[in-house]
Amino acid sequence: MAATMELGSETDPRNATFSISDEDHTLGNSLRFVLNKDPRVAFCGYSVPHPSETRINVRVQTTGVPARDVLKDALNDLMAMNQHVSTTFNRAVETFKANQGVNELSMKSGVTSQHSGSVKKP
């Protein structure tokens, strides 16, 4: 599990930098995208301090609510998006597998459905 450290938010909770270990551009860019869609965010960006480090720094500046709360909401939104993609993908794979069996059966029996009607191969 990635460790997170919050920097620079003691004086103004609207502005903070979060250092997240064991993460890279995959999370950084996705999180930046989700944060930038939030109307409560005035600015957000991320950086990887050095290519050999597996750590990202995420800067969040909000219009009024604490940056920590906005970051938590963005992470929850990102998890929901990932769950939706995973569920949709798994359904599509199952549908493909189910249809693949039907297509193989049709091809073995000499019937193809490439045209509007079934055509028996000679």
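Restricting the search to the range 63-86, which residues are in contact (Cβ under 8 Å) with a residue 12 or more places away in the chain and over 18 Å from Glu6 (Cα atoms)?
Of all residues in the range 63-86, those in contact (Cβ under 8 Å) with a residue 12 or more places away in the chain come to 63-68, 70-71, 73-75, 77-78, 81.
Within the range 63-86, Thr63, Asp77, Leu78, Met81 meet the criteria.
Table: residues versus (1) at pLDDT below 95; (2) on the phi > 0 side of the Ramachandran plot; (3) hydrophobic (A, V, I, L, M, F, W, C).
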position	(1), (2), (3)
Val70	no, no, yes
Thr87	no, no, no
Ala98	yes, no, yes
Val111	yes, no, yes
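Which residue pairs have Cβ atoms under 9 Å apart, sit 6 or more places apart or on different chains, and have a first residue in the range 1-15 that is within 15 Å of Val58 (Cβ to Cβ) and a second that is assigned to a loop (DSSP other than H, G, I, E, B) and modelled with pLDDT under 75?
Matching pairs, first to second residue: Asn15/Gly8; Asn15/Ser9.
I'd like the full set of residues that are of a type in the set (D, E, K, R) and within 18 Å of the chain's Cα centre (by Cα), limited to the range 20-54.
Asp22, Glu23, Asp24, Arg32, Lys37, Asp38, listed by residue number.
The values are calculated or read from the model by the stated rules, or taken from the named source; none is laboratory data. Worth saying up front: this structure is predicted, and the values here are computed from it rather than measured. Here the Cβ is made from the backbone with ideal geometry for all residues, glycine too, and neighbour counts use every protein chain on show.
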